[in-house]
Amino acid sequence: LFSIGMVLMILFIWYFATEIERRKRNVGTFLILGITALCALAVFPPKERLKGSIDIVGGSSFLMRVQPRIMEDGVTKEPVTTAQIDQAKKVIEDRLNGMGNAESLMSQQGDDGIQLQMPGIDPEESKRIRTILEKVAKLEFRQVHPENNVLSQSKDFIPGYKLFTLKDKDKDGNNVSTPILLSRRVALGGADISNATPSMNEVGAVDIILNSAGEDKMIALTKDMRAGDRIAIDLDGEV
């Protein structure tokens with residue numbers, strides 16, 4: 001708007017400074033169009049606005065730290081990796097989007113910190129959001145229906161199963177979403193896992209270590225599985 005105003009002011013001065021009638025008519029036409037456009041912007045402002053930072057519109061911010069992975073000796077801590085930071089930011093982003101706070105700003109601080117800024121959010125709401133973000137991710141194992149390829153395309157109710165959405169990438173790297181029919185019964189949950197961290201060997205993969213109860217459940221789950229049967233991992237509602 002400031003730039004448009006400056007242009008209109010220059011045209012206004014030019015209109016009275018020129019003595020050539022034809023040029024004055026042209027400048028006058030541009031003046032009318034410019035003033036009309038300025039009025040239209042004032043009455044119907046653009047929906048998309050630049051995101052305001054905390055310094056401009058106020059808000060809240062806090063620092064979260066990624067917990068290091070504990071090695072097999074139960075004592076030694078491995079350094080936090082970039083992959084772990086990226087995975088943590090992805091989980092935070094998904095949870096924020098689910099709460100309707102998609103305009104929050106994240107940045108890495110140090111080796112293991114993530115700074116979260118939430119413009120326009122008051123301290124009480126910020127405290128509630130932080131409590132939700134600091135909860136341990138809900139990780140569940142569910143069995144995929146043996147006839148998933150057929151039944152997942154049907155709108156019929158399948159007893160004991162629920163329809164989820166599997167998000168993946170095709171061979172060209174494009175995001176694709178397909179329906180997947182999973183058991184309502186959770187075969188394994190967070191209580192059966194002793195440790196789960198982003199894999200250091202493969203981007204997007206997760207290394208999971210089961211405790212003794214989890215190992216027994218996994219054996220019971222897989223002993224009767226046939227070739228082609230699958231198990232899905234549900235992380236915070238995302239397969």
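What do you get when you divide the Cα radius of gyration of region 2-43 by 2.2 N^0.38 Å, with N the number of residues?
1.18
Computed from the alpha carbon atoms alone, the convex hull of region 139-235 holds 126 Å³ per residue.
The residues 7, 66, when put in order of fewest to most other Cβ atoms within 10 Å, stand as 7, 66. Were the residues from residue 172 through residue 97 laid out at 0.36 nm apart, the gain over their Cα-Cα distance would be 24.4 nm. Legend: residue pairs 169/223; 89/217; 138/169, Cα-Cα distance threshold 26 Å; pairs beyond threshold, 169/223; 89/217.
Bear in mind these aren't lab numbers, they're just calculated from the coordinates by the rules spelled out. Just so it is clear, the model here is predicted, and its values are computed rather than measured. Here Cβ is always computed from backbone atoms with ideal geometry, including for glycine, and neighbour counts include all displayed protein chains.
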